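Data first, discussion second: the structure below is written as structure tokens.
The values are calculated or read from the model by the stated rules, or taken from the named source; none is laboratory data. Note that the structure is predicted; figures quoted are calculated from it, not measured. Glycine also receives a Cβ, built like all others from the backbone with ideal geometry; neighbour counts cover every protein chain displayed. With ligands, DNA and RNA removed, areas are computed over all heavy atoms of the protein, side chains included. Shrake-Rupley method; radii C 1.70, N 1.55, O 1.52, S 1.80 Å.
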Amino acid sequence: LERAQTLNIAIGGPIADPTNLNIYAPGVSRSSTGIHQVIYEYFFYQNLQTGEYIPWLAESYEYNDDFTAVTVKLRDGVTWSDGEAFNADDVVFTYDLLRNNPGMVWASEANKWVASVDKVDDLTVRFNLKQANPRFHLNREAFPAVGIWGGITILPQHIWEGQDPVSFKNSNPVGTGPYRLVKATQTALTYERRDDWWGTKVFGVTPGPKIINFQHVGSPTSVALALAANE
């Protein structure tokens, strides 16, 4: 039963510092650690096969007439893993951090396009662009949307406020995603499904695996052998 409820994902190498899960720190992998996949979530997900632009943390977006601003409506009912509400303050805070800390990963791309982000109300934000761009919502390095990989990640203000956003290790990451970190070593990071995930209440869905391991099992040959052994 335990194996049937567990998803094991092979990663390419050991994790240099399993205590550093700061998605904006240079050198920290967002993909091999699993934080991008199961801890954090994004405004929209683009299905590159169907062209569908799927609303998630946000419900909709709308450009102004000259494509120099985008107003985004956030989804009501989203919460961080510690129970705090996800709202416009977190979005404004994240972009202010990127503007004031050029050493953060992707800060240069975000700041290239975004002049400022304004809070309209608790569930509405307006992105003021530095130049007209009708495709800004598809720029994952400047907007919280995901195609294949990556995306600007919104941070919880109540956790990150007062921290140095480059040196802060964020060892116990708080996200809106359906899993929480329970163990981290150089060879594996283990995540457990959250029964209190907001998506279950809003969408009526529950992720299949109870446990997800992102683990280093060795060479490609070792990975193949582990697959053959149903590991």
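For segment 155-187, the set of residues classified as in contact (Cβ under 8 Å) with a residue 60 or more places away in the chain, in a strand (DSSP E or B) and hydrophobic (A, V, I, L, M, F, W, C) consists of 181, 184, listed by residue number. Per the conditions (1) of a type outside the set (A, V, I, L, M); (2) open to solvent by 80 Å² or more (accessible area, probe 1.4 Å); (3) closer than 29 Å to residue 72 by Cα, the sole criterion not satisfied by residue 178 is (2).
Scanning segment 53-93 for residues that are within 19 Å of residue 133 (Cβ to Cβ) and among the charged types (D, E, K, R), we see that the one that is nearest to the chain's Cα centre (by Cα) is 62. Any chance segment 216-231 includes a residue that's more than 26 Å from residue 90 (Cα to Cα), touching a strand residue (DSSP E or B) at 6+ places or on another chain (Cβ under 7 Å), open to solvent by 60 Å² or more (accessible area, probe 1.4 Å) and at pLDDT below 95? Yes: segment 216-231 contains one or more residues that are more than 26 Å from residue 90 (Cα to Cα), touching a strand residue (DSSP E or B) at 6+ places or on another chain (Cβ under 7 Å), open to solvent by 60 Å² or more (accessible area, probe 1.4 Å) and at pLDDT below 95. If you check residue 83 against the conditions, is it touching a residue at least 40 places away in the same chain (Cβ under 8 Å), open to solvent by 40 Å² or more (accessible area, probe 1.4 Å) and under 26 Å from residue 202 (Cα atoms)? Answer is yes for this residue. Looking across segment 108-141 at every residue that is free of Cβ contacts under 8 Å to residues at least 24 places away in the same chain and part of a helix (DSSP H, G or I), the one that is surrounded by the most Cβ atoms within 10 Å (Cβ to Cβ) is identified as 111.
Given the conditions (1) open to solvent by less than 20 Å² (accessible area, probe 1.4 Å); (2) in contact with a Phe, Trp or Tyr (Cβ under 6 Å, 6 or more places away or on another chain), report the number of the one that residue 199 does not fulfil. It is condition (2) that residue 199 fails. What about residue 75, is it of a type in the set (Lys, Arg) and touching a helix residue (DSSP H, G or I) at 6+ places or on another chain (Cβ under 6 Å)? No; evaluated as a whole, the condition is false for this residue. Beta carbons closer than 9 Å, at least 6 apart along the sequence or on distinct chains, pair a first residue in segment 218-231 that is within 13 Å of residue 9 (Cα to Cα) with a second that is open to solvent by less than 90 Å² (accessible area, probe 1.4 Å) and part of a helix (DSSP H, G or I) for 218/226. In segment 202-231, of all residues being of a type in the set (Ser, Thr, Tyr) and in a helix (DSSP H, G or I), the one that is farthest from residue 185 (Cα to Cα) corresponds to 221. Criterion first (in contact (Cβ under 8 Å) with a residue 24 or more places away in the chain, aromatic (Phe, Trp, Tyr), open to solvent by 40 Å² or more (accessible area, probe 1.4 Å) and on the phi < 0 side of the Ramachandran plot) does residue 61 satisfy it? Yes. Candidates are the residues of segment 94-107 that are open to solvent by 30 Å² or more (accessible area, probe 1.4 Å) and under 20 Å from the mean Cα position of the chain (by Cα); the one that is nearest to residue 26 (Cα to Cα) is 105.
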